[in-house]
Every structure is written in C-alpha cells, then in structure tokens.
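The structure under discussion appears below in the form of structure tokens.
The values are calculated or read from the model by the stated rules, or taken from the named source; none is laboratory data. Keep in mind it's a predicted model, so treat the numbers as computed, not measured. Glycine gets a Cβ as well: all are built from the backbone with ideal geometry, and neighbour counts include every protein chain shown.
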C-alpha cells in the first residue's frame, strides 16, 4: 500500500470510531451495543495496523508494548453511557476478555482514552483470523457494590 492510501485508511478508521461513539444513541440497537444495569455499552474494533502513525492514536504506543508489527492485532474500544442521563461514564475500571473459537483467551485492562470528545476505554488484543470471538466486558463503577458484565459476539467483517 502507498503511504497516501495508508494515511487515508487511518483517517477513515479514526472517523468511523469518532462517529460511532458520538452519534450512537441508546435507541439504535446493533451487534456492537449492549444494555445492562442502566448503562449503554458500545464496542468498536479496528485493526491495529490502520492506526500506526495516526496522531490520534499516539496513546497506543504505551499499551502492551506499543503497536505490534504485522497483522492480527486489533484495538478494542468500549464507550459507556449512563442511560437515564445519556452522559458518558468516565472513571470506571474496565476489563475485557477476548476468547477465540479455539484456545488463546486474552484478558486485559482497558485504558481510559479520549476519541474526539468521547471518553472511551481501549487496549490492543490479538485477534487473528476472521473469528468468531466472544468479548466479555466487566465494568466497575466507583461506589458500586457489584460489577456490570456484558458479552459481545464478534467476527471481523468479510
């Protein structure tokens, strides 16, 4: 791929994430949206190679040793909203466990990140092949006695 095409793909990936987390409403239910305990939880997945060199993704350099070379690694992003107020939830402890159809479960803390004006949580996960994957997300809100857990089923677009 040419450098110009790679830059365009990176900008497109950033725009898709930004659009997804700033325009989705609780009424628009998709495979990337779950509701539990008064929260609306949105998931996004972007190939890590599309983010390489993107200034908006510079925070990834500190996650899990930085962006890996090659393909198969993906950036998992979670956005959380309080349903009654429709406000973003920040200050949560968020952990994701990605399980492929075969062996190789990966559990990681999701780091707080800013995508545009959206407060999100994310980290890098190995997700080679097309899937399917189960993504278990555990959210601990400060002051809450119990965690909120949701599960997404994910396969890479074909």
Checklist entry - Has the range 11-34 got at least one residue that is outside any loop (DSSP other than H, G, I, E, B), within 30 Å of residue 144 (Cβ to Cβ), in contact with a helix residue (DSSP H, G or I) (Cβ under 7 Å, 6 or more places away or on another chain) and at pLDDT 90 or above? => result no
Next on the checklist: If the requirement is being buried (at least 20 other Cβ atoms within 10 Å of the Cβ) and modelled with pLDDT under 90, which of these qualifies: 8, 48, 55, 40?
Outcome noted: 48
Checklist outcome for this item: Of the residues in the range 112-127, those that are within 21 Å of residue 39 (Cα to Cα), buried (at least 16 other Cβ atoms within 10 Å of the Cβ) and modelled with pLDDT of 90 or more come to 120, 121, 122, 123
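For residue 77, are the conditions met, namely being modelled with pLDDT of 50 or more and within 20 Å of residue 128 (Cα to Cα)?
Numbers: modelled with pLDDT of 50 or more: yes; within 20 Å of residue 128 (Cα to Cα): yes.
In short, yes.
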Next on the checklist: I'm trying to understand the selection: among the residues of the range 98-110, which are in contact (Cβ under 8 Å) with a residue 24 or more places away in the chain, farther than 15 Å from residue 42 by Cα and surrounded by 13 or more Cβ atoms within 10 Å (Cβ to Cβ)?
Outcome noted: 98, 99, 100, 108
Checklist entry - Where residues in the range 128-158 are in contact with a strand residue (DSSP E or B) (Cβ under 9 Å, 6 or more places away or on another chain) and on the phi > 0 side of the Ramachandran plot, which of them is surrounded by the most Cβ atoms within 10 Å (Cβ to Cβ)? => result 131
